[in-house]
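**Q** My questions all concern the structure below.
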Amino acid sequence: KDSRVLRLSFAICHIHMKSREHVDEAVRCVCQCARSEYCRRDIIGRRIYAYINNICKRFVRDPSILRFSLKFFNWTATNDDRLRDLSDAGITATVITIMKRHQRNGSVLGPGMLFLTRAAGSHPPAMATILKMKATPVIIKALMALYSDEILQLEGLKMVQTIAKTTEGWKQITDTKGGWQSLTQGTNIGNQLVHDL
């Protein structure tokens, strides 16, 4: 029940914003602090997630900083209210931008997909952002890149199913080269769910 490490790590990150090495280490520490509910309350109260969002924009080419920033977002947003707060602060749009830039990096795509599936499932404006930013092709490519993670595959397919129910979403899937083919391959877990029905 002590957030001094969180505050110190964030202060280092904030003071040394131009140093990639300082930011990388500080974001890792802040990310670990987000695993504590006590620290999460401090993160939400101080809106630290908004600063980490700015760090993502500043270091959009750095997979290490982005990976731990995305994990931080997931560990901070432990309920629907927090997911809405983060999404309304522009995190959903940032996650999409990151995923577009790092389409072959599973360590970045994994936590990015997790955040998108959770936000889209509980906050309609997050789904609207996904459609507005034409992120459906990126999501389909991420599903292909994360083929070995069946849990993310299943959650991602559920999100695509919701996307496909909209006119714009259907169009984006249809316009994605090989989109329907990759989506209809399924997962072992998904196939088992269908089989059990």
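Yes or no, residue by residue, for (1) open to solvent by 10 Å² or more (accessible area, probe 1.4 Å); (2) without any contact (Cβ under 8 Å) to a residue 40 or more places away in the chain; (3) under 22 Å from THR97 (Cα atoms):
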| residue | (1), (2), (3) |
| --- | --- |
| HIS16 | yes, yes, no |
| ARG20 | yes, no, yes |
| VAL23 | no, no, yes |
| VAL27 | no, no, yes |
| SER36 | yes, yes, no |
| ASP42 | yes, yes, no |
| GLY45 | yes, yes, no |
| ASN54 | yes, yes, yes |
| ARG58 | yes, no, yes |
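**Q** Please specify each residue of the range 104-128 satisfying the condition of being among the polar types (S, T, N, Q) and open to solvent by 40 Å² or more (accessible area, probe 1.4 Å).
**A** Applying the first criterion (among the polar types (S, T, N, Q)) to the range 104-128 yields 105, 107, 117, 122.
Listed by number, the residues that qualify are ASN105, SER107.
**Q** Please work out which residue is farthest from ASN79 (Cα to Cα), limiting yourself to the range 119-150 and to residues that are under 15 Å from the mean Cα position of the chain (by Cα) and among the polar types (S, T, N, Q).
**A** Among residues in the range 119-150 that are under 15 Å from the mean Cα position of the chain (by Cα) and among the polar types (S, T, N, Q), the one farthest from ASN79 (Cα to Cα) is THR136.
**Q** So, one more: What helices (runs of 4 or more DSSP H) lie completely within the range 129-181 and have 2 or more residues being more than 15 Å from LEU109 (Cα to Cα) and open to solvent by 20 Å² or more (accessible area, probe 1.4 Å)? Give the derivation first.
**A** Working: elements: 136-145, 150-164, 167-175.
Answer list for the range 129-181: 150-164, 167-175.
**Q** Still on this model: For the range 1-102, give me every one of the helices (runs of 4 or more DSSP H) that falls completely inside it and has 2 or more residues that are more than 16 Å from the chain's Cα centre (by Cα) and more than 30 Å from LYS132 (Cβ to Cβ). Break it down stepwise before answering.
**A** Details: elements: 4-15, 20-33, 37-46, 48-58, 63-76, 80-88, 91-101.
It comes to 4-15, 20-33, 37-46.
The values are calculated or read from the model by the stated rules, or taken from the named source; none is laboratory data. Just so it is clear, the structure is predicted and the values come from calculations on it, not from any experiment. So basically every Cβ, Gly included, is an ideal-geometry build from the backbone, and we count neighbours across all protein chains shown. Ligands, DNA and RNA are excluded from the accessible area calculation, which covers all protein heavy atoms including side chains. Shrake-Rupley method; radii C 1.70, N 1.55, O 1.52, S 1.80 Å.
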